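To start, the structure under review is shown below, and the notes come after it.
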Amino acid sequence: MLDVGRHPNIELMAYSEVDKVEGEAGAFKVTVRRKARYVDEDRCTGCGACAEKCPTVVSDAFNEGLGQRRAVYSWFAQGIPSTHTIDADHCRQLNGKKCGICKKVCQADAIDFEQQDRFIDIDAGAIIVASGYDVFDASRIPEYQYRQIPNVITAIEFERLLSASGPTSGHLHRPSDLAVEEEIKGLEKKAAKALKMLGKFEKKYEKGSEEFYLEYRDGKYEGDEDRRKWAEKYEAYLAVSGPLEEMKKEAEAFDVAKRLAFVQCVGSRDFRFYPFCSGYCCMHSIKEAIIANEHEPETTSVIFGMDIRAVGKGFEEYKIRGGNQSGISYIRGRVAEIVEGPGHNPVVVYEDTRERKVMEQAFDMVILATACAPSRDVEGLAEILGIEINRFGFFQTGTSQPLDTTRPGIFTCGCAHGPMDIPESVAQASGAAARAAQILTDSRMRKAS
Ligand SMILES: Cc1cc2nc3c(=O)[nH]c(=O)nc-3n(C[C@H](O)[C@H](O)[C@H](O)COP(=O)(O)OP(=O)(O)OC[C@H]3O[C@@H](n4cnc5c(N)ncnc54)[C@H](O)[C@@H]3O)c2cc1C
Ligand code: SF4
Ligand code: SF4
(Lines give C-alpha, C1' and ligand atoms only; values in the text may rest on other atoms or scores of the structure.)
(Ligands and ions follow the chains in the order given, each with its own letter.)
Protein backbone atom coordinates (compact mmCIF):
# COMPACT_ATOMS: atom_id res chain seq x y z
CA MET A 1 0.00 0.00 0.00
CA LEU A 2 2.84 2.38 0.87
CA ASP A 3 4.43 1.59 -2.50
CA VAL A 4 1.16 2.36 -4.26
CA GLY A 5 0.90 5.68 -2.44
CA ARG A 6 4.45 6.62 -3.51
CA HIS A 7 4.39 5.27 -7.08
CA PRO A 8 4.82 8.05 -9.68
CA ASN A 9 2.44 6.34 -12.14
CA ILE A 10 -0.35 5.61 -9.67
CA GLU A 11 -2.85 8.18 -8.52
CA LEU A 12 -4.76 6.92 -5.53
CA MET A 13 -8.31 8.23 -5.12
CA ALA A 14 -9.42 6.99 -1.73
CA TYR A 15 -12.95 7.75 -0.45
CA SER A 16 -14.13 7.90 -4.07
CA GLU A 17 -16.55 5.93 -6.23
CA VAL A 18 -17.04 5.44 -9.94
CA ASP A 19 -20.16 7.31 -10.98
CA LYS A 20 -20.28 6.84 -14.76
CA VAL A 21 -18.40 4.99 -17.49
CA GLU A 22 -18.69 5.95 -21.17
CA GLY A 23 -16.73 5.02 -24.27
CA GLU A 24 -15.06 1.77 -25.19
CA ALA A 25 -11.93 -0.30 -24.73
CA GLY A 26 -8.90 1.93 -25.34
CA ALA A 27 -10.94 5.11 -24.84
CA PHE A 28 -13.11 5.04 -21.71
CA LYS A 29 -14.23 8.21 -19.99
CA VAL A 30 -14.73 7.49 -16.30
CA THR A 31 -16.45 9.93 -13.97
CA VAL A 32 -15.32 9.55 -10.37
CA ARG A 33 -17.17 11.00 -7.39
CA ARG A 34 -14.67 12.21 -4.82
CA LYS A 35 -16.76 12.20 -1.69
CA ALA A 36 -16.56 15.14 0.68
CA ARG A 37 -14.43 14.29 3.73
CA TYR A 38 -14.88 17.74 5.24
CA VAL A 39 -11.14 17.49 5.86
CA ASP A 40 -8.60 18.83 3.39
CA GLU A 41 -6.41 15.80 2.58
CA ASP A 42 -3.48 17.98 1.53
CA ARG A 43 -3.46 19.96 4.75
CA CYS A 44 -4.30 17.17 7.23
CA THR A 45 -1.13 15.84 8.92
CA GLY A 46 -2.97 12.84 10.42
CA CYS A 47 -2.05 14.02 13.97
CA GLY A 48 -5.48 13.02 15.35
CA ALA A 49 -5.94 16.15 17.53
CA CYS A 50 -9.48 16.56 16.11
CA ALA A 51 -10.53 12.99 16.98
CA GLU A 52 -9.07 13.35 20.47
CA LYS A 53 -11.34 16.31 21.24
CA CYS A 54 -14.47 15.38 19.24
CA PRO A 55 -17.32 14.80 21.74
CA THR A 56 -19.38 12.54 19.42
CA VAL A 57 -18.81 8.84 20.02
CA VAL A 58 -20.12 6.29 17.47
CA SER A 59 -19.72 2.60 16.80
CA ASP A 60 -16.53 1.80 14.86
CA ALA A 61 -17.40 -0.05 11.63
CA PHE A 62 -13.73 -0.88 10.94
CA ASN A 63 -13.68 -2.82 14.22
CA GLU A 64 -16.97 -4.52 13.26
CA GLY A 65 -18.83 -2.48 15.88
CA LEU A 66 -16.74 -3.98 18.71
CA GLY A 67 -15.17 -0.62 19.52
CA GLN A 68 -16.01 3.05 19.23
CA ARG A 69 -14.64 6.00 17.32
CA ARG A 70 -15.37 9.72 17.09
CA ALA A 71 -17.38 11.54 14.42
CA VAL A 72 -14.06 12.73 12.98
CA TYR A 73 -11.88 9.69 12.47
CA SER A 74 -9.29 7.86 10.46
CA TRP A 75 -10.66 4.59 9.00
CA PHE A 76 -7.63 2.66 10.29
CA ALA A 77 -4.17 3.62 11.52
CA GLN A 78 -2.10 2.56 8.48
CA GLY A 79 -4.48 3.96 5.83
CA ILE A 80 -3.14 5.80 2.80
CA PRO A 81 -3.51 8.76 2.54
CA SER A 82 -2.93 9.38 6.23
CA THR A 83 -5.88 11.68 6.74
CA HIS A 84 -9.11 12.03 8.67
CA THR A 85 -12.76 12.16 7.61
CA ILE A 86 -15.85 13.66 9.22
CA ASP A 87 -18.78 11.28 9.41
CA ALA A 88 -21.57 13.49 8.06
CA ASP A 89 -24.29 11.26 9.54
CA HIS A 90 -23.11 11.87 13.09
CA CYS A 91 -21.15 15.15 13.19
CA ARG A 92 -23.02 17.70 15.32
CA GLN A 93 -21.97 20.70 13.22
CA LEU A 94 -23.04 19.06 9.94
CA ASN A 95 -26.41 18.23 11.49
CA GLY A 96 -27.27 21.78 12.43
CA LYS A 97 -26.01 21.73 16.02
CA LYS A 98 -23.28 23.88 17.53
CA CYS A 99 -19.83 22.30 17.83
CA GLY A 100 -16.83 22.95 15.54
CA ILE A 101 -14.36 21.78 18.21
CA CYS A 102 -12.30 19.88 15.61
CA LYS A 103 -11.89 23.04 13.56
CA LYS A 104 -10.69 24.96 16.60
CA VAL A 105 -8.08 22.38 17.60
CA CYS A 106 -6.77 21.54 14.10
CA GLN A 107 -3.40 23.33 13.86
CA ALA A 108 -3.20 22.57 10.12
CA ASP A 109 -6.51 24.34 9.43
CA ALA A 110 -7.66 21.23 7.55
CA ILE A 111 -11.32 21.09 8.65
CA ASP A 112 -13.66 22.39 5.95
CA PHE A 113 -17.39 22.09 6.68
CA GLU A 114 -18.18 23.62 3.27
CA GLN A 115 -16.52 20.83 1.27
CA GLN A 116 -18.77 19.23 -1.40
CA ASP A 117 -18.54 16.01 -3.44
CA ARG A 118 -16.42 16.64 -6.55
CA PHE A 119 -16.72 14.87 -9.91
CA ILE A 120 -13.57 14.16 -11.87
CA ASP A 121 -13.32 12.79 -15.42
CA ILE A 122 -10.55 10.36 -16.22
CA ASP A 123 -9.48 9.06 -19.62
CA ALA A 124 -8.78 5.35 -19.27
CA GLY A 125 -7.76 2.78 -21.83
CA ALA A 126 -8.83 -0.14 -19.63
CA ILE A 127 -10.57 -0.71 -16.29
CA ILE A 128 -9.85 -3.34 -13.62
CA VAL A 129 -12.60 -4.02 -11.13
CA ALA A 130 -11.16 -5.22 -7.81
CA SER A 131 -14.05 -4.36 -5.53
CA GLY A 132 -13.72 -7.49 -3.39
CA TYR A 133 -16.36 -9.22 -1.31
CA ASP A 134 -18.51 -8.99 1.78
CA VAL A 135 -18.76 -11.54 4.53
CA PHE A 136 -21.93 -13.62 4.59
CA ASP A 137 -24.51 -12.48 7.14
CA ALA A 138 -24.38 -15.32 9.66
CA SER A 139 -27.71 -14.33 11.23
CA ARG A 140 -29.34 -15.89 8.15
CA ILE A 141 -28.60 -19.27 9.77
CA PRO A 142 -30.93 -19.19 12.79
CA GLU A 143 -29.57 -22.40 14.35
CA TYR A 144 -26.20 -20.71 15.00
CA GLN A 145 -27.83 -17.84 16.94
CA TYR A 146 -25.35 -15.23 15.78
CA ARG A 147 -26.33 -11.89 17.40
CA GLN A 148 -28.52 -13.84 19.89
CA ILE A 149 -25.68 -15.46 21.84
CA PRO A 150 -23.09 -12.74 22.52
CA ASN A 151 -20.07 -15.05 22.46
CA VAL A 152 -20.86 -16.41 19.01
CA ILE A 153 -18.93 -14.13 16.67
CA THR A 154 -17.74 -14.12 13.07
CA ALA A 155 -14.16 -14.73 11.95
CA ILE A 156 -13.77 -11.11 10.87
CA GLU A 157 -14.88 -9.93 14.32
CA PHE A 158 -12.45 -12.40 15.88
CA GLU A 159 -9.63 -10.95 13.72
CA ARG A 160 -10.35 -7.50 15.18
CA LEU A 161 -10.27 -8.89 18.74
CA LEU A 162 -6.95 -10.63 17.98
CA SER A 163 -5.41 -7.49 16.50
CA ALA A 164 -3.00 -5.48 18.66
CA SER A 165 -4.55 -2.32 17.16
CA GLY A 166 -8.10 -3.64 17.70
CA PRO A 167 -10.68 -2.73 20.35
CA THR A 168 -9.21 -5.08 23.01
CA SER A 169 -5.53 -4.57 22.07
CA GLY A 170 -5.30 -8.21 21.03
CA HIS A 171 -6.74 -9.71 24.24
CA LEU A 172 -9.57 -12.20 23.71
CA HIS A 173 -12.12 -10.57 26.00
CA ARG A 174 -15.56 -12.08 25.47
CA PRO A 175 -18.29 -9.83 24.05
CA SER A 176 -20.58 -10.75 26.99
CA ASP A 177 -17.87 -9.56 29.42
CA LEU A 178 -17.19 -6.43 27.36
CA ALA A 179 -20.91 -5.60 27.53
CA VAL A 180 -20.87 -5.88 31.34
CA GLU A 181 -17.73 -3.72 31.51
CA GLU A 182 -19.44 -1.08 29.35
CA GLU A 183 -22.44 -1.20 31.67
CA ILE A 184 -20.13 -0.78 34.68
CA LYS A 185 -18.62 2.33 33.07
CA GLY A 186 -22.08 3.78 32.46
CA LEU A 187 -23.23 3.05 36.03
CA GLU A 188 -20.00 4.48 37.47
CA LYS A 189 -20.69 7.74 35.66
CA LYS A 190 -24.25 7.81 37.01
CA ALA A 191 -23.07 6.97 40.54
CA ALA A 192 -20.43 9.74 40.44
CA LYS A 193 -23.06 12.25 39.33
CA ALA A 194 -25.46 11.12 42.07
CA LEU A 195 -22.70 11.33 44.71
CA LYS A 196 -21.92 14.89 43.65
CA MET A 197 -25.54 15.85 44.18
CA LEU A 198 -25.68 14.07 47.56
CA GLY A 199 -22.48 15.90 48.55
CA LYS A 200 -24.32 19.21 48.22
CA PHE A 201 -27.04 18.07 50.65
CA GLU A 202 -24.45 16.60 53.03
CA LYS A 203 -22.56 19.89 53.12
CA LYS A 204 -25.75 21.90 53.65
CA TYR A 205 -27.02 19.71 56.50
CA GLU A 206 -23.59 18.62 57.81
CA LYS A 207 -24.61 14.96 57.82
CA GLY A 208 -23.84 11.82 55.81
CA SER A 209 -26.58 10.65 53.40
CA GLU A 210 -26.77 7.15 54.90
CA GLU A 211 -27.30 8.46 58.46
CA PHE A 212 -29.83 11.01 57.17
CA TYR A 213 -31.78 8.38 55.25
CA LEU A 214 -32.20 6.16 58.33
CA GLU A 215 -33.66 9.13 60.23
CA TYR A 216 -35.84 10.07 57.24
CA ARG A 217 -37.28 6.58 57.08
CA ASP A 218 -38.09 6.80 60.81
CA GLY A 219 -40.29 9.80 59.92
CA LYS A 220 -38.03 12.45 61.47
CA TYR A 221 -38.32 14.98 58.61
CA GLU A 222 -41.98 14.70 57.69
CA GLY A 223 -43.21 17.70 55.66
CA ASP A 224 -39.65 18.91 54.89
CA GLU A 225 -39.66 19.27 51.08
CA ASP A 226 -35.90 19.78 50.69
CA ARG A 227 -35.07 16.69 52.71
CA ARG A 228 -37.65 14.72 50.74
CA LYS A 229 -35.66 15.58 47.61
CA TRP A 230 -32.46 14.50 49.37
CA ALA A 231 -34.06 11.15 50.25
CA GLU A 232 -35.21 10.74 46.66
CA LYS A 233 -31.68 11.40 45.36
CA TYR A 234 -30.26 8.93 47.84
CA GLU A 235 -32.73 6.25 46.73
CA ALA A 236 -31.76 6.91 43.11
CA TYR A 237 -28.10 6.50 44.10
CA LEU A 238 -28.86 3.18 45.86
CA ALA A 239 -30.66 1.95 42.71
CA VAL A 240 -27.39 2.48 40.81
CA SER A 241 -24.76 1.55 43.40
CA GLY A 242 -26.33 -1.85 44.29
CA PRO A 243 -26.23 -3.33 40.76
CA LEU A 244 -22.86 -1.61 40.19
CA GLU A 245 -21.24 -3.45 43.10
CA GLU A 246 -22.76 -6.75 41.94
CA MET A 247 -21.47 -6.25 38.41
CA LYS A 248 -18.00 -5.32 39.68
CA LYS A 249 -17.90 -8.53 41.70
CA GLU A 250 -19.00 -10.50 38.60
CA ALA A 251 -16.33 -8.76 36.50
CA GLU A 252 -13.56 -9.82 38.92
CA ALA A 253 -14.05 -13.39 37.65
CA PHE A 254 -13.80 -12.44 33.95
CA ASP A 255 -11.00 -14.07 32.02
CA VAL A 256 -9.94 -14.11 28.39
CA ALA A 257 -11.53 -16.79 26.16
CA LYS A 258 -9.36 -19.90 26.23
CA ARG A 259 -11.68 -22.61 24.87
CA LEU A 260 -12.45 -21.76 21.27
CA ALA A 261 -14.61 -23.44 18.65
CA PHE A 262 -14.38 -22.62 14.95
CA VAL A 263 -17.40 -23.55 12.83
CA GLN A 264 -16.53 -23.97 9.15
CA CYS A 265 -18.62 -23.47 6.01
CA VAL A 266 -21.08 -20.96 7.49
CA GLY A 267 -23.08 -20.13 4.37
CA SER A 268 -20.58 -21.93 2.09
CA ARG A 269 -21.13 -25.43 0.68
CA ASP A 270 -24.72 -24.96 1.75
CA PHE A 271 -27.43 -25.16 -0.90
CA ARG A 272 -29.61 -22.76 1.08
CA PHE A 273 -27.02 -20.01 0.46
CA TYR A 274 -23.78 -20.52 -1.50
CA PRO A 275 -23.07 -24.01 -2.84
CA PHE A 276 -19.40 -23.25 -3.46
CA CYS A 277 -16.40 -23.51 -1.15
CA SER A 278 -15.10 -20.07 -0.11
CA GLY A 279 -11.57 -21.37 -0.39
CA TYR A 280 -9.82 -19.37 2.31
CA CYS A 281 -11.80 -19.97 5.52
CA CYS A 282 -10.28 -23.32 6.56
CA MET A 283 -6.87 -21.68 6.50
CA HIS A 284 -7.93 -18.48 8.27
CA SER A 285 -9.53 -20.50 11.08
CA ILE A 286 -6.27 -22.44 11.54
CA LYS A 287 -4.31 -19.17 11.42
CA GLU A 288 -6.60 -17.53 13.99
CA ALA A 289 -6.41 -20.55 16.32
CA ILE A 290 -2.60 -20.53 16.09
CA ILE A 291 -2.40 -16.79 16.82
CA ALA A 292 -4.84 -17.14 19.76
CA ASN A 293 -2.57 -19.84 21.18
CA GLU A 294 0.49 -17.61 20.68
CA HIS A 295 -1.28 -14.82 22.63
CA GLU A 296 -2.32 -17.17 25.44
CA PRO A 297 -0.59 -20.58 25.50
CA GLU A 298 -3.42 -22.21 27.51
CA THR A 299 -5.80 -21.65 24.59
CA THR A 300 -7.23 -24.74 22.92
CA SER A 301 -9.32 -24.73 19.75
CA VAL A 302 -11.65 -27.20 18.12
CA ILE A 303 -12.22 -26.72 14.38
CA PHE A 304 -15.50 -28.28 13.21
CA GLY A 305 -15.65 -28.92 9.49
CA MET A 306 -16.89 -31.40 6.89
CA ASP A 307 -13.24 -31.59 5.84
CA ILE A 308 -10.34 -29.17 6.10
CA ARG A 309 -9.46 -27.78 2.70
CA ALA A 310 -5.78 -26.97 3.05
CA VAL A 311 -5.15 -26.36 -0.64
CA GLY A 312 -1.83 -24.64 -1.25
CA LYS A 313 1.88 -25.04 -0.85
CA GLY A 314 2.73 -25.81 2.78
CA PHE A 315 -0.92 -25.50 3.89
CA GLU A 316 -1.30 -29.14 4.97
CA GLU A 317 1.91 -28.88 7.02
CA TYR A 318 0.54 -25.68 8.61
CA LYS A 319 -2.65 -27.55 9.54
CA ILE A 320 -0.68 -30.39 11.12
CA ARG A 321 1.60 -27.96 12.99
CA GLY A 322 -1.53 -26.27 14.38
CA GLY A 323 -2.64 -29.65 15.74
CA ASN A 324 0.75 -30.60 17.16
CA GLN A 325 1.91 -27.29 18.60
CA SER A 326 -1.03 -24.91 19.02
CA GLY A 327 -3.70 -26.92 20.84
CA ILE A 328 -5.96 -27.39 17.80
CA SER A 329 -8.17 -30.46 17.33
CA TYR A 330 -10.11 -31.08 14.13
CA ILE A 331 -13.56 -32.66 14.32
CA ARG A 332 -15.16 -33.97 11.15
CA GLY A 333 -18.80 -33.02 11.29
CA ARG A 334 -21.17 -30.21 10.50
CA VAL A 335 -22.39 -28.24 13.49
CA ALA A 336 -26.15 -28.65 13.85
CA GLU A 337 -26.88 -26.04 16.45
CA ILE A 338 -25.38 -23.62 18.95
CA VAL A 339 -27.20 -22.96 22.22
CA GLU A 340 -26.34 -20.79 25.19
CA GLY A 341 -25.13 -22.55 28.34
CA PRO A 342 -24.43 -21.18 31.83
CA GLY A 343 -22.05 -18.21 32.07
CA HIS A 344 -22.88 -17.13 28.49
CA ASN A 345 -20.87 -20.11 27.24
CA PRO A 346 -21.96 -21.21 23.78
CA VAL A 347 -22.60 -24.95 23.53
CA VAL A 348 -21.93 -26.56 20.16
CA VAL A 349 -24.18 -29.47 19.17
CA TYR A 350 -22.71 -31.57 16.38
CA GLU A 351 -22.50 -34.99 14.91
CA ASP A 352 -19.06 -36.52 15.15
CA THR A 353 -19.14 -38.44 11.89
CA ARG A 354 -16.20 -40.65 12.81
CA GLU A 355 -17.73 -41.67 16.14
CA ARG A 356 -21.25 -41.60 14.60
CA LYS A 357 -22.55 -39.85 17.68
CA VAL A 358 -24.41 -36.63 18.38
CA MET A 359 -22.28 -34.74 20.85
CA GLU A 360 -22.21 -31.36 22.55
CA GLN A 361 -19.40 -29.30 23.96
CA ALA A 362 -19.27 -25.93 25.75
CA PHE A 363 -16.78 -23.22 24.78
CA ASP A 364 -15.84 -19.71 25.91
CA MET A 365 -16.30 -18.40 22.39
CA VAL A 366 -17.48 -19.73 19.03
CA ILE A 367 -16.12 -18.30 15.79
CA LEU A 368 -18.12 -18.66 12.58
CA ALA A 369 -16.13 -18.99 9.34
CA THR A 370 -18.56 -17.07 7.15
CA ALA A 371 -18.80 -17.50 3.38
CA CYS A 372 -17.28 -15.11 0.87
CA ALA A 373 -20.36 -13.27 -0.44
CA PRO A 374 -20.47 -10.76 -3.29
CA SER A 375 -20.13 -7.07 -2.33
CA ARG A 376 -23.41 -5.57 -1.20
CA ASP A 377 -23.40 -2.94 -3.95
CA VAL A 378 -22.29 -5.28 -6.74
CA GLU A 379 -25.43 -4.81 -8.81
CA GLY A 380 -25.16 -1.03 -8.78
CA LEU A 381 -21.50 -1.18 -9.74
CA ALA A 382 -22.21 -3.70 -12.51
CA GLU A 383 -24.84 -1.34 -13.92
CA ILE A 384 -22.47 1.64 -13.87
CA LEU A 385 -19.75 -0.41 -15.56
CA GLY A 386 -22.13 -2.08 -18.00
CA ILE A 387 -20.95 -5.57 -17.11
CA GLU A 388 -22.79 -8.71 -16.05
CA ILE A 389 -22.73 -10.64 -12.82
CA ASN A 390 -23.04 -14.41 -12.53
CA ARG A 391 -25.73 -16.36 -10.68
CA PHE A 392 -23.82 -16.06 -7.38
CA GLY A 393 -23.38 -12.28 -7.68
CA PHE A 394 -19.70 -12.13 -8.68
CA PHE A 395 -18.62 -10.49 -11.95
CA GLN A 396 -19.15 -12.75 -14.94
CA THR A 397 -16.00 -13.70 -16.84
CA GLY A 398 -15.28 -15.87 -19.86
CA THR A 399 -13.95 -19.43 -19.64
CA SER A 400 -11.13 -18.88 -22.11
CA GLN A 401 -10.40 -15.32 -20.85
CA PRO A 402 -10.98 -15.73 -17.10
CA LEU A 403 -10.17 -12.11 -16.20
CA ASP A 404 -12.26 -10.50 -18.96
CA THR A 405 -15.71 -9.28 -17.95
CA THR A 406 -18.59 -9.15 -20.43
CA ARG A 407 -17.55 -5.66 -21.67
CA PRO A 408 -14.33 -5.44 -23.69
CA GLY A 409 -11.61 -3.46 -21.89
CA ILE A 410 -13.00 -4.12 -18.41
CA PHE A 411 -11.26 -6.81 -16.33
CA THR A 412 -11.76 -8.18 -12.86
CA CYS A 413 -9.60 -9.89 -10.24
CA GLY A 414 -9.59 -11.03 -6.63
CA CYS A 415 -12.79 -11.70 -4.70
CA ALA A 416 -14.84 -9.50 -7.05
CA HIS A 417 -14.28 -12.40 -9.43
CA GLY A 418 -14.93 -15.16 -6.89
CA PRO A 419 -13.67 -16.39 -3.53
CA MET A 420 -9.87 -16.61 -3.23
CA ASP A 421 -7.11 -15.87 -0.75
CA ILE A 422 -4.61 -13.00 -0.87
CA PRO A 423 -1.81 -14.73 -2.86
CA GLU A 424 -4.35 -15.79 -5.49
CA SER A 425 -5.88 -12.31 -5.58
CA VAL A 426 -2.43 -10.77 -6.07
CA ALA A 427 -1.60 -13.24 -8.84
CA GLN A 428 -4.90 -12.47 -10.56
CA ALA A 429 -4.27 -8.74 -10.19
CA SER A 430 -0.98 -9.18 -12.09
CA GLY A 431 -2.88 -11.10 -14.78
CA ALA A 432 -5.55 -8.39 -15.02
CA ALA A 433 -2.84 -5.71 -15.26
CA ALA A 434 -1.24 -7.66 -18.10
CA ARG A 435 -4.60 -7.88 -19.92
CA ALA A 436 -5.11 -4.13 -19.43
CA ALA A 437 -1.60 -3.46 -20.80
CA GLN A 438 -2.51 -5.48 -23.91
CA ILE A 439 -5.54 -3.25 -24.53
CA LEU A 440 -3.46 -0.09 -24.07
CA THR A 441 -0.77 -1.37 -26.43
CA ASP A 442 -3.37 -2.41 -29.03
CA SER A 443 -5.12 0.95 -28.92
CA ARG A 444 -1.80 2.84 -29.17
CA MET A 445 -0.80 0.72 -32.16
CA ARG A 446 -4.18 1.39 -33.77
CA LYS A 447 -3.73 5.13 -33.26
CA ALA A 448 -0.15 5.01 -34.66
CA SER A 449 -1.16 3.12 -37.83
C1 LIG B 1 -11.80 -13.35 8.55
C2 LIG B 1 -10.97 -13.46 7.31
C3 LIG B 1 -9.62 -13.70 7.42
C4 LIG B 1 -8.84 -13.85 6.27
N5 LIG B 1 -7.51 -14.13 6.42
C6 LIG B 1 -6.77 -14.34 5.31
C7 LIG B 1 -5.39 -14.68 5.43
O8 LIG B 1 -4.85 -14.78 6.52
N9 LIG B 1 -4.68 -14.89 4.29
C10 LIG B 1 -5.25 -14.79 3.06
O11 LIG B 1 -4.56 -15.01 2.06
N12 LIG B 1 -6.54 -14.45 2.92
C13 LIG B 1 -7.31 -14.22 4.01
N14 LIG B 1 -8.63 -13.87 3.87
C15 LIG B 1 -9.16 -13.67 2.50
C16 LIG B 1 -8.84 -12.23 2.05
O17 LIG B 1 -9.57 -11.32 2.84
C18 LIG B 1 -9.18 -12.06 0.57
O19 LIG B 1 -8.50 -13.00 -0.19
C20 LIG B 1 -8.73 -10.69 0.07
O21 LIG B 1 -9.22 -9.65 0.90
C22 LIG B 1 -9.24 -10.45 -1.35
O23 LIG B 1 -8.72 -9.22 -1.78
P24 LIG B 1 -9.51 -8.27 -2.79
O25 LIG B 1 -8.59 -7.10 -3.02
O26 LIG B 1 -9.99 -9.04 -3.93
O27 LIG B 1 -10.82 -7.76 -2.01
P28 LIG B 1 -10.99 -6.86 -0.73
O29 LIG B 1 -9.94 -7.12 0.26
O30 LIG B 1 -12.42 -7.04 -0.33
O31 LIG B 1 -10.77 -5.37 -1.26
C32 LIG B 1 -11.71 -4.72 -2.08
C33 LIG B 1 -11.67 -3.23 -1.82
O34 LIG B 1 -12.52 -2.57 -2.76
C35 LIG B 1 -13.28 -1.57 -2.07
N36 LIG B 1 -14.54 -1.36 -2.81
C37 LIG B 1 -15.63 -2.17 -2.86
N38 LIG B 1 -16.58 -1.63 -3.67
C39 LIG B 1 -16.07 -0.47 -4.13
C40 LIG B 1 -16.57 0.55 -4.99
N41 LIG B 1 -17.77 0.45 -5.57
N42 LIG B 1 -15.77 1.61 -5.24
C43 LIG B 1 -14.54 1.72 -4.68
N44 LIG B 1 -14.01 0.79 -3.86
C45 LIG B 1 -14.77 -0.29 -3.58
C46 LIG B 1 -13.50 -2.18 -0.69
O47 LIG B 1 -13.78 -1.15 0.23
C48 LIG B 1 -12.16 -2.86 -0.43
O49 LIG B 1 -11.24 -1.96 0.14
C50 LIG B 1 -9.43 -13.72 4.99
C51 LIG B 1 -10.80 -13.46 4.88
C52 LIG B 1 -11.57 -13.32 6.03
C53 LIG B 1 -13.05 -13.08 5.91
S1 SF4 C 1 -17.78 19.42 14.52
FE2 SF4 C 1 -18.36 17.27 14.25
S3 SF4 C 1 -16.45 16.18 13.90
FE4 SF4 C 1 -15.92 18.21 14.71
S5 SF4 C 1 -15.68 17.90 16.91
FE6 SF4 C 1 -17.83 18.50 16.56
S7 SF4 C 1 -18.96 16.58 16.29
FE8 SF4 C 1 -16.79 16.10 16.11
S1 SF4 D 1 -12.50 -23.18 2.80
FE2 SF4 D 1 -13.13 -24.66 4.33
S3 SF4 D 1 -14.62 -23.53 5.60
FE4 SF4 D 1 -14.37 -22.36 3.76
S5 SF4 D 1 -16.07 -23.03 2.53
FE6 SF4 D 1 -14.26 -24.25 1.92
S7 SF4 D 1 -14.37 -26.07 3.19
FE8 SF4 D 1 -15.80 -24.58 4.06
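The values are calculated or read from the model by the stated rules, or taken from the named source; none is laboratory data. What you see is a predicted model, and the numbers here were worked out from it, not measured in a lab. Note that each Cβ is placed from the backbone with ideal geometry, even for glycine, and that neighbours are counted across all protein chains shown.
Descriptive notes on the structure:
- If you check Gly132, Gly67 for being under 17 Å from the mean Cα position of the chain (by Cα) and under 30 Å from Gly386 (Cα atoms), only one passes: Gly132.
- Tallying residues that are surrounded by fewer than 17 Cβ atoms within 10 Å (Cβ to Cβ) and closer than 30 Å to Phe254 by Cα within the stretch 362-399 yields 1.
- Scope the stretch 53-80; condition within 16 Å of Cys106 (Cβ to Cβ) and in contact with a helix residue (DSSP H, G or I) (Cβ under 8 Å, 6 or more places away or on another chain); matching residues: Lys53, Cys54, Pro55, Arg70, Val72, Tyr73, Ser74
- When we screen Glu114, Glu41 for residues that are of a type outside the set (S, T, N, Q), modelled with pLDDT of 95 or more and either out of contact with any strand residue (DSSP E or B) (no Cβ under 7 Å at 6 or more places or on another chain) or outside the structural domain of Gly418 (by TED's automatic domain parsing) (or both), the only hit is Glu114.
- Those residues of the stretch 312-337 which are surrounded by 14 or more Cβ atoms within 10 Å (Cβ to Cβ), among the small types (Gly, Ala, Ser) and without any contact (Cβ under 8 Å) to a residue 40 or more places away in the chain, in sequence order: Gly322, Gly323, Ser326, Gly327, Gly333
- Filter result for Asp255 (of a type in the set (D, E, K, R), within 15 Å of Ala371 (Cβ to Cβ) and more than 16 Å from ligand 2 (Cβ to nearest atom)): no
- Test result for Lys287, more than 16 Å from ligand 1 (Cβ to nearest atom) and either surrounded by 12 or more Cβ atoms within 10 Å (Cβ to Cβ) or outside the structural domain of Glu424 (by TED's automatic domain parsing) (or both): no
- All positions within the stretch 337-358 that are assigned to a strand (DSSP E or B) and within 26 Å of the chain's Cα centre (by Cα): Glu337, Ile338, Val339, Glu340, Pro346, Val347, Val348
- The residue that is nearest to ligand 2 (Cβ to nearest atom), among those in the stretch 8-26 that are closer than 24 Å to Ser443 by Cβ, touching a residue at least 60 places away in the same chain (Cβ under 8 Å) and not aliphatic (A, V, I, L, M), is Asp19.
- Qualifying residue in the stretch 375-389 (condition: touching a strand residue (DSSP E or B) at 6+ places or on another chain (Cβ under 8 Å) and modelled with pLDDT under 95): yes
- Of all the criteria given as (1) more than 30 Å from Asp19 (Cα to Cα); (2) in contact with a strand residue (DSSP E or B) (Cβ under 9 Å, 6 or more places away or on another chain); (3) hydrophobic (A, V, I, L, M, F, W, C), the one not satisfied by Phe315 is (2).
- Strands (runs of 3 or more DSSP E) contained entirely in the stretch 123-165, each with at least 3 residues that are in the same structural domain as Leu368 (by TED's automatic domain parsing) and not charged (D, E, K, R): 152-154
- Residues located in the stretch 396-447, provided they are part of a loop (DSSP other than H, G, I, E, B) and touching a Ser or Thr at 6+ places or on another chain (Cβ under 7 Å): Gln396, Thr397, Leu403, Thr405, Cys413, His417, Pro419
- Members of the stretch 359-387 found to be touching a residue at least 40 places away in the same chain (Cβ under 8 Å) and part of a strand (DSSP E or B), listed by number: Gln361, Ala362, Met365, Val366, Ile367, Leu368, Ala369, Thr370, Cys372, Ala373, Pro374
- Boolean, Arg217 is of a type in the set (D, E, K, R), out of contact with any Lys or Arg (no Cβ under 6 Å at 6 or more places or on another chain) and at positive phi: no
So that you can scan it fast, the table gives a plain yes or no per residue for (1) assigned by TED's automatic domain parsing to the domain that holds Ile156; (2) at positive phi; (3) small (Gly, Ala, Ser):
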| position | (1), (2), (3) |
| --- | --- |
| Glu296 | yes, no, no |
| Asp307 | yes, no, no |
| Glu337 | yes, no, no |
| Val348 | yes, no, no |
| Arg356 | yes, yes, no |
| Asp364 | yes, no, no |
| Ile367 | yes, no, no |
| Ala382 | no, no, yes |
| Phe395 | no, no, no |
